[in-house]
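Participant: Please see the structure below; I have some questions.
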Amino acid sequence: MVQNWRKIYRGKITSAHDALVQVLENGCRIYIGTACSTPQHLVQELASCLGRLIDIEVLYSIALGSSPFIQEDLSRVCRVKTFFVTETLREAVFDGRADYIPVYLSQVPNLFNSGVLSLDLALIQVAPPDEHGFCSLGVSVDVVKAAVENARYVLAQVNPQMPRVLGDSFIHVSEVDAFVEREEPLIEAPLRERQPVAERMAKHVAKLVEDGATIQVGIGRILSAVLSHLTEKRDLGVHSEMITDAYLPLVEKGVITGKKKTIHQDKMVTSFCLGTRRLFDFVHDNPQVEFHPSEYVNHPNVISQNHRMTAINSALQVDLSGQVCADSLGYKVFSGIGGYVDFSVGASRSTGGKSIIVLPSTSSDGQKSRIVSHLTLGAGVVGTRASAQYVVTEFGIAHLHGKTIRERALSLINVSHPRFRQELLEEAKRIRYVYDDQMLSPSFGQFYPEDCETYQTFDSGLKVFFRPIKATDERALQEFFYSLPGEDIYYRFLSSMKVFPHRDTQAMVNIDYETEMTIVGVVGDIGSERIVAVGRYILDQKSNFAEVDFAVRSEVQHKGIGTFLVHYLSKIAQSNGVSGFMAYVLAANRRMLGVFRKTGYVIHSRLEDGIYEINFRFDERAEEGGGEEQ
């Protein structure tokens, strides 16, 4: 076969018209190659041959470019079906002139293998055969390979502009029934211009992506923006159903190396490209990139073998219980399931894996919240409550995995648009998702002040993340208080408090960040954070002084955390125009007194009944060696 492949190939070269008229018949089902790999010449020739036939089915995986089969003159003789709804077919699907097949992308090949969707004809596009007679499927291997293996007749457009890609991407000339040699540019899908909202979401997502993680990023301008914010990461890997031009800067900067991958180390693994000539040139004959069929790339068991697998996909709506709609708005299908579930499940099974859902807080016109009490009538539940892990909007990150419905509802309300939060809270109360007395941060307060977040490393290499407290910290704050020894509680509250009920702690976590500021020091991943320190101040607007206090878990005391907290709160307070701090400290609390003496300000103190009243102004710096006045 190796010696004779050229003769075999030459014997199969024909014109598209001659090949099609020989094989087309009433009722046949025809598969069209995927996305940028769509054989445009064959598509146009097919359209010209259908006029004499009836009941033809045209099957797409992802349709790009124009589709003549949904036009009025051909809609009488053929019906278009698709596994994913793109702009090409969206209006036709809305109008009922084309059909959507909801299915996991990993399972599409089995529809061909099992005969559920038997194929009479596959129209594909390939690179010219190599010296061994093998043609590369090029930028779309995905379900095309299964279509080739199962179709009764395979017609391939041989295009010199198609990249030769490596991996499980080759078919021998003997496996194809006819070839049409036709050079033409591939369909391109350039990145869309990014928007400010997308940039804000991308910054939040970047916090969740760890060094050495293997990533999968779905379709859309928001998700493209996510990749642009990963430039400070190290040794990322790629295992994704699709790659776009947005990956290229990360490769060029040495961010994507694949060195930490647990399977296909050093390789970017994908099944198809969606991009421009720049991307096509990058994947051409590139050993760094491997293309494999969708039944492999998208199989959850394969995906889960990648440690720290991080799947990042978009959604259209999320309800307060964590149900995700990613393919439709009501009854109108906008996209498809694609690899969403495959990668969500695979990532959740991965050691250290994460599944992240990204969506803007409102509709494009700003009139509707995308965080909702219940999904719109007719909306499809693509992600169940049980599969939800992280939901990200431009207002922050909601961690849902392992949380109760009440905790989920509060997390999602707090990353919804502020304009809709009160309405969502009232609805959550009505359906008994939250406490009847549940409160939100004051509406007149600022948005969550991200600029007050910082990391600090202390003795023994302890790294602590300091951030403003959030409404979702209520339980963690209770756990912090209950962890404190009785003596520490007495020193902090000047009383022997034994309980910290919801009515008290919710008031401490729902603050305006103006007249009241609380900074918590946390350790652990987002969503499973443990509070190890708390510092807060409350402003007396009449005097413009704020009362300050702090507490640190006993196991991390004597590391300088308390001193850092007071310094950091002082810095925040000064930036907010506060004149100074005051505090009430038991005379026996030597540690807290020592912290205040290290602030670098002139300390004014007065002892009465065993309690020091301490105050200091931010415009009174202490001279070296001094610092306290009685």
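The values are calculated or read from the model by the stated rules, or taken from the named source; none is laboratory data. Predicted, not measured: the structure shown is a model, and the values here were computed from it. FYI the Cβ positions are ideal-geometry reconstructions off the backbone, even for glycines, and counts take in every protein chain you see.
Participant: Please go through the stretch 321-346 and pick out each residue that is within 18 Å of Lys403 (Cβ to Cβ) and aliphatic (A, V, I, L, M).
Facilitator: Hit for the stretch 321-346 is Val324, nothing else.
Participant: If I ask for residues that are hydrophobic (A, V, I, L, M, F, W, C) and either touching a helix residue (DSSP H, G or I) at 6+ places or on another chain (Cβ under 7 Å) or not in a loop (DSSP other than H, G, I, E, B) (or both), which ones from the stretch 59-91 would you list?
Facilitator: Leu59, Ile62, Ala63, Leu64, Phe69, Ile70, Leu74, Cys78, Val80, Phe83, Val85, Leu89
Participant: Report yes if some residue within the stretch 92-100 is touching a residue at least 60 places away in the same chain (Cβ under 8 Å) and out of contact with any helix residue (DSSP H, G or I) (no Cβ under 6 Å at 6 or more places or on another chain); otherwise report no.
Facilitator: Quick first cut of the stretch 92-100, residues touching a residue at least 60 places away in the same chain (Cβ under 8 Å) only: 93-94, 100.
Going one step further and asking which of them are out of contact with any helix residue (DSSP H, G or I) (no Cβ under 6 Å at 6 or more places or on another chain), we end up with 93-94.
Among the residues of the stretch 92-100, at least one is touching a residue at least 60 places away in the same chain (Cβ under 8 Å) and out of contact with any helix residue (DSSP H, G or I) (no Cβ under 6 Å at 6 or more places or on another chain), which makes the answer yes.
Participant: Can we say Ser140 is buried (at least 22 other Cβ atoms within 10 Å of the Cβ), of a type in the set (S, T, N, Q) and touching a Cys at 6+ places or on another chain (Cβ under 7 Å)?
Facilitator: So Ser140 passes the test.
Participant: Residue by residue through the stretch 233-248, note down the ones that are part of a loop (DSSP other than H, G, I, E, B) and either closer than 16 Å to Glu193 by Cα or modelled with pLDDT under 95 (or both).
Facilitator: Hit for the stretch 233-248 is Thr244, nothing else.
Participant: Continuing with the same structure: Hey, Gly218 hits all of (1) in contact with a Ser or Thr (Cβ under 7 Å, 6 or more places away or on another chain); (2) at pLDDT 95 or above; (3) of a type outside the set (Phe, Trp, Tyr) but one; which does it fall short on?
Facilitator: Condition not satisfied by Gly218: (2).
Participant: Filter the stretch 459-479 down to residues that are out of contact with any Gly (no Cβ under 7 Å at 6 or more places or on another chain) and aliphatic (A, V, I, L, M) and give me whichever is modelled with the lowest pLDDT.
Facilitator: Ala471
Participant: Oh, and also: Please specify each residue of the stretch 175-197 satisfying the condition of being farther than 25 Å from Ser140 by Cα and in contact (Cβ under 8 Å) with a residue 60 or more places away in the chain.
Facilitator: Within the stretch 175-197, just Val197 meets the criteria.
Participant: Within the bounds of the stretch 603-615, is there any residue that is within 18 Å of Arg467 (Cβ to Cβ), touching a residue at least 12 places away in the same chain (Cβ under 8 Å) and of a type outside the set (Phe, Trp, Tyr)?
Facilitator: As a first pass, look at the stretch 603-615 and keep what is within 18 Å of Arg467 (Cβ to Cβ): none.
No.
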